[in-house]
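Have a look at the structure below, then the notes.
The values are calculated or read from the model by the stated rules, or taken from the named source; none is laboratory data. Note that the structure is a prediction, hence the values are computed from the model and not measured. Note that each Cβ is placed from the backbone with ideal geometry, even for glycine, and that neighbours are counted across all protein chains shown.
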Amino acid sequence: MFTLHPRLAADCFDLGPLDLCQLLLMNDDRYPWCILVPRLPDLRDLHDVPREVRITLFDEIERVSNALQKISNAQKMNVAALGNVVPQLHIHVIARHTADAAWPGPVWGVGETHPYPDHTPMVDALHDALQKAIAR
């Protein structure tokens, strides 16, 4: 049975399900940053993903990457599956700009998180745009 890790639930907005993954938005307005979490139990690393759903996973990564790049006009897309803090497999898709605070390094550990304001129109706009862009 799939259960979202409490840290991901606390740090992100739930944008809803894709075919395989739960789509999350990191609650940090410094970076347009989505997280995909395959809704399968006991996955820790990419090589743990069952062969029969790997194409679906990478298709969803591609669709979210393309959508987020289009929405944010990103100069570079970062895609990573680290899992050193949260052991549940999750894939970060982060839109980067040369002017962002962490450029050209990783976004982790740079400055303080800037949560989106409550019920911000930006979160709604990202949700709507991502849902339209990734729809098949």
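A few remarks follow.
- When LEU36, LEU46 are checked against the criterion of being of a type outside the set (D, E, K, R) and touching a Lys or Arg at 6+ places or on another chain (Cβ under 9 Å), LEU46 stands alone in meeting it.
- Candidate set from region 17-43 (those that are over 12 Å from the mean Cα position of the chain (by Cα) and within 17 Å of PRO121 (Cα to Cα)); member that is modelled with the highest pLDDT: ARG30
- Qualifying positions in region 116-136 - modelled with pLDDT of 75 or more, part of a loop (DSSP other than H, G, I, E, B) and surrounded by 13 or more Cβ atoms within 10 Å (Cβ to Cβ): TYR116
- Scan of region 16-30 for residues that are over 14 Å from TRP108 (Cα atoms) and crowded, with 18+ Cβ neighbours inside 10 Å, ordered by number: LEU18, LEU20, CYS21, GLN22, LEU23, LEU24, LEU25
- Filter result for ALA99 (loosely packed, with under 13 Cβ neighbours inside 10 Å and among the aliphatic types (A, V, I, L, M)): yes
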